[in-house]
Amino acid sequence: MSDSTFRTKAEPSAPEKHVPIDKSKASIVETKVDPPYLDWEREKGKPYIAEFFGLGDLWKEKVGGFEDEINTIKKYVQDEIEQGRLDNDANAVKELLKKIEKQMGSDKTDRTTMKIEQMAAFTQFLYKTRDIKDNMSKYGHN
């Protein structure tokens, strides 16, 4: 017995046809990029702080809302950005708010209403202590 290998004649393959892509059927990939913090309210219709606390539109209710507290916190964050101490980025603001929560001794079990009021008061405190530090370096310290 002998080993035989049979070969078949190779047929030349037909040239590949170029099929144009129908751009109307092409899928569009959307990337979701958050706006800078200072543009957030204009683009999203509510302050980032309200979104951070998950308030929806309740933050601006006349009775039981948190408009004053949100504005106090918002003003502090805006000032930090304008003074160059914080990036104009939602993630940077989120980290700052978490840091403030930790500094003020906030707990995961605290009610959101308490956190908002405490944070507003705490940001006022931060303003005052920062002003004291600024004035101390301005006038010298003894």
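Things worth noting here:
- Cross-chain or 6+ apart pairs with Cβ under 8 Å, the range 95-107 first and under 14 Å from LEU126 (Cα atoms), then in a helix (DSSP H, G or I) and of a type outside the set (A, V, I, L, M, F, W, C): LEU96/GLU80; ILE100/THR123; GLU101/LYS115; MET104/GLN118
- For TYR127, the conditions (1) more than 22 Å from the chain's Cα centre (by Cα); (2) surrounded by fewer than 11 Cβ atoms within 10 Å (Cβ to Cβ); (3) assigned to a helix (DSSP H, G or I) are fulfilled apart from (2).
- The lone exception for ILE116 - which of (1) without any contact (Cβ under 8 Å) to a residue 60 or more places away in the chain; (2) within 30 Å of LYS32 (Cα to Cα); (3) surrounded by 15 or more Cβ atoms within 10 Å (Cβ to Cβ) it fails: (1)
- Qualifying residue in the range 64-85 (condition: surrounded by fewer than 14 Cβ atoms within 10 Å (Cβ to Cβ), aliphatic (A, V, I, L, M) and on the phi < 0 side of the Ramachandran plot): no
FYI, it's all coordinate maths here, none of it is from the lab. Everything quoted here is computed from the prediction, not taken from an experiment. Backbone-built Cβ (ideal geometry, glycine too); neighbour counts: all protein chains shown.
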